[in-house]
1. How much area per residue is accessible in the chain when the probe is 1.4 Å and only protein heavy atoms are counted (Å²)?
2. Roughly to the nearest percent, how much of the accessible area of the stretch 1-74 is carbon and sulfur, given a 1.4 Å probe?
3. So if I take the alpha carbon set of the stretch 1-50, get Rg, then get Rh from the Kirkwood formula, what is the Rg over Rh ratio?
4. What is the Cα centroid distance between the stretch 3-24 and the stretch 93-126, reported in whole angstrom?
5. Under a point spin-label approximation (7 Å from Cα along Cα-to-Cβ), what is the Tyr128-Leu145 distance to one decimal in nm?
6. Go through the cysteines of the chain and tell me which have no other cysteine Cβ under 4.7 Å away.
7. For Trp63, what is the net charge nearby, where nearby means another residue's Cβ is under 15 Å from its Cβ and Lys, Arg count +1, Asp, Glu -1?
8. How many Å³ per residue does the convex hull of the Cα positions in the chain occupy?
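The values are calculated or read from the model by the stated rules, or taken from the named source; none is laboratory data. This one's a predicted model, so the numbers in the text were calculated from it and none came from an experiment. When we count neighbours, we look across all protein chains shown, and the Cβ atoms used for this are built from the backbone with ideal geometry, even at glycine. The accessibility values were calculated without ligands, DNA or RNA, using every heavy atom of the protein model including side chains. Shrake-Rupley method; radii C 1.70, N 1.55, O 1.52, S 1.80 Å.
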Amino acid sequence: MNTSLHLGSQAPHVTLYIPHCPLLPPDIDPQHPNVPALINANSNHWRKILTIYAKLASPSADWRSYRDQQLLQHEALLCQSTSLAQHGGWHWVAGRANWEGLGMTHSQCQEIVTGQVWRKGSLLLTPYPDYRQFPNRLIDQLRPLLHT
């Protein structure tokens, strides 16, 4: 069964596409989700995903406050989507299996970080957002691109 879940802004600056969805607390507002409640309802795995997302999307160095208070107020988290959302901004597709699920390959894009990140316009194909595959070094390389 194909499902699609969109959490966050209707007009995001950076949309993250991942292959699975978090468990949602029953009282969560999909357009203004409470990130700490979302993290508490899920595993440490989701804290890591949302932390990496915040580090990339935050307009300042204070990614912790941004993650907990603003991330999904101004950004969107899309899960198990079968196509890209129709809006401007960056489209960040995380994980090779997820790229393939959306019908994409890195051969269609320009390599911008050797063996790790490919770009085509406002589309980024990256590793899955966990600390082993997406270390701070990679975040530091990509963050300026998303804020120019």
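1. In whole numbers, the chain has 51 Å² accessible per residue.
2. Looking at the stretch 1-74 in its full context, I get 51 percent from C and S.
3. Numbers: Rg = 11.0 Å, Rh = 11.8 Å.
Rg divided by Rh gives 0.93.
4. Cα centres, the stretch 3-24 to the stretch 93-126: 18 Å.
5. Those two pseudo-labels are separated by 2.1 nm.
6. Cys109
7. +2
8. Working: hull volume 15.9 nm³, N = 148.
For the chain, the hull spanned by Cα atoms encloses 108 Å³ per residue.
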